[in-house]
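What follows is a single structure, written as structure tokens, with notes after it.
The values are calculated or read from the model by the stated rules, or taken from the named source; none is laboratory data. Computed from a predicted model, the values in this text were never measured in an experiment. FYI the Cβ positions are ideal-geometry reconstructions off the backbone, even for glycines, and counts take in every protein chain you see.
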Amino acid sequence: MKEILLKITSSKINYYLSLLTDLLTAVIFLSLSLYYSKDIFASLALFVVGVIFFTFLEYAVHAWLFHKNHPLKIFIEGHANHHRNPFSYDAMPFFMSLLIASVFAYLLHFIMPLPDALAIVGGMTLGYFNYGIMHHIMHRVEFKDGYWRYMQEFHFVHHKKPKMNHGVTTDIWDRVFGTYYVWSEEDLKGIEKLKRVDEKRPLKAIFDLI
Ligand SMILES: [Zn+2]
Ligand SMILES: [Zn+2]
């Protein structure tokens with residue numbers, strides 16, 4: 001059983017299906033929320049709240065579940081695999097984001113109207129998709145400057161210094177919790193290993209077809 005699960009969670013098809021499920025879940029939850037909502041603008045605002053809240057969750061899980069010592073070793077070991085091999089396809093089974101989002105929305109509906117719960121959780125799922133796709137692209141595209149280059153260096157520094165720079169979509173929470181590391185040119189030595197880029201066939205590089 002463990003072997004089958006490991007085979008699924010490390011397969012390329014599961015990895016790409018997961019990204020698709022994340023996006024579809026966000027779209028479905030937002031659509032349902034807007035359809036049943038009595039106040040569309042409030043629902044859209046809650047959706048944005050969900051996206052923003054996810055950035056905190058992204059930090060919390062990465063910094064405190066993946067990189068702190070605790071008895072739940074499976075999380076630490078699973079994530080260590082990505083640090084060893086940034087191009088591995090480790091991901092939760094593709095249906096998990098839909099399942100977890102449904103459970104979250106179900107629990108939230110006890111304390112707020114269901115359309116509001118769907119909007120918040122839909123926003124969080126979009127945040128999760130954004131995290132997944134940004135992280136994927138960072139390891140496969142050469143960014144020359146600007147925000148993307150900054151976030152790419154920020155994340156690559158995390159690969160070299162795993163106790164620092166945990167954010168992937170934003171650096172805000174590292175600044176809040178004191179794990180923001182100001183890197184130098186010296187720190188960027190060797191980061192080329194963390195990128196798989198083909199200047200002539202950039203799209204093929206993104207989709208791992210090289
Ligand atoms: Zn990475
Ligand atoms: Zn990490």
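Points to keep in mind about this one:
- Verdict on ALA63 being surrounded by 14 or more Cβ atoms within 10 Å (Cβ to Cβ), within 15 Å of ligand 1 (Cβ to nearest atom), of a type outside the set (D, E, K, R) and not in a helix (DSSP H, G or I): no
- For PRO71: the one exception among (1) crowded, with 17+ Cβ neighbours inside 10 Å; (2) away from ligand 1 (no atom under 16 Å from the Cβ); (3) over 24 Å from LEU24 (Cα atoms): (1)
- Meets criteria (part of a helix (DSSP H, G or I) and more than 16 Å from ligand 2 (Cβ to nearest atom)) for PHE94: no
- The residues on offer are LEU118, LEU108, and the sole one that is of a type outside the set (Asp, Glu), under 22 Å from LYS38 (Cβ atoms) and either surrounded by 19 or more Cβ atoms within 10 Å (Cβ to Cβ) or within 16 Å of ligand 2 (Cβ to nearest atom) (or both) is LEU118.
- The listed residue being crowded, with 16+ Cβ neighbours inside 10 Å, at pLDDT 95 or above and over 23 Å from HIS139 (Cβ atoms), out of LEU34, LEU19, LEU23: LEU34
Results for (1) within 17 Å of the chain's Cα centre (by Cα); (2) surrounded by 15 or more Cβ atoms within 10 Å (Cβ to Cβ); (3) away from ligand 2 (no atom under 15 Å from the Cβ), shown as yes or no for each residue.
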| residue | (1), (2), (3) |
| --- | --- |
| HIS135 | yes, yes, no |
| HIS139 | yes, yes, no |
| ASP145 | no, no, yes |
| MET151 | yes, yes, no |
| VAL168 | yes, yes, no |
| TYR181 | no, yes, no |
| LYS189 | no, no, yes |
| LYS193 | no, no, yes |
| PRO202 | no, no, yes |
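- The single condition from (1) away from ligand 2 (no atom under 16 Å from the Cβ); (2) surrounded by fewer than 17 Cβ atoms within 10 Å (Cβ to Cβ); (3) at pLDDT 95 or above; (4) on the phi < 0 side of the Ramachandran plot that LEU126 fails is (2).
- Number of positions in the range 66-91 that are in contact (Cβ under 8 Å) with a residue 24 or more places away in the chain, assigned to a loop (DSSP other than H, G, I, E, B) and either basic (Lys, Arg) or touching a helix residue (DSSP H, G or I) at 6+ places or on another chain (Cβ under 8 Å) (or both): 6
- VAL51 being modelled with pLDDT of 95 or more, under 15 Å from the mean Cα position of the chain (by Cα) and within 15 Å of ALA101 (Cα to Cα): yes
- Cross-chain or 6+ apart pairs with Cβ under 7 Å, the range 170-192 first and under 21 Å from LYS144 (Cβ atoms), then modelled with pLDDT under 95: ASP187/LYS160
- Residue satisfying all of: in the range 120-179; under 30 Å from ILE40 (Cα atoms) and small (Gly, Ala, Ser); farthest from ligand 1 (Cβ to nearest atom) among these: GLY122
- Pairing residues of the range 140-162 that are at pLDDT below 95 with residues that are among the polar types (S, T, N, Q) and within 11 Å of ligand 1 (Cβ to nearest atom), at Cβ distances under 7 Å and at least 6 apart in sequence or on separate chains, gives PHE143/GLN152.
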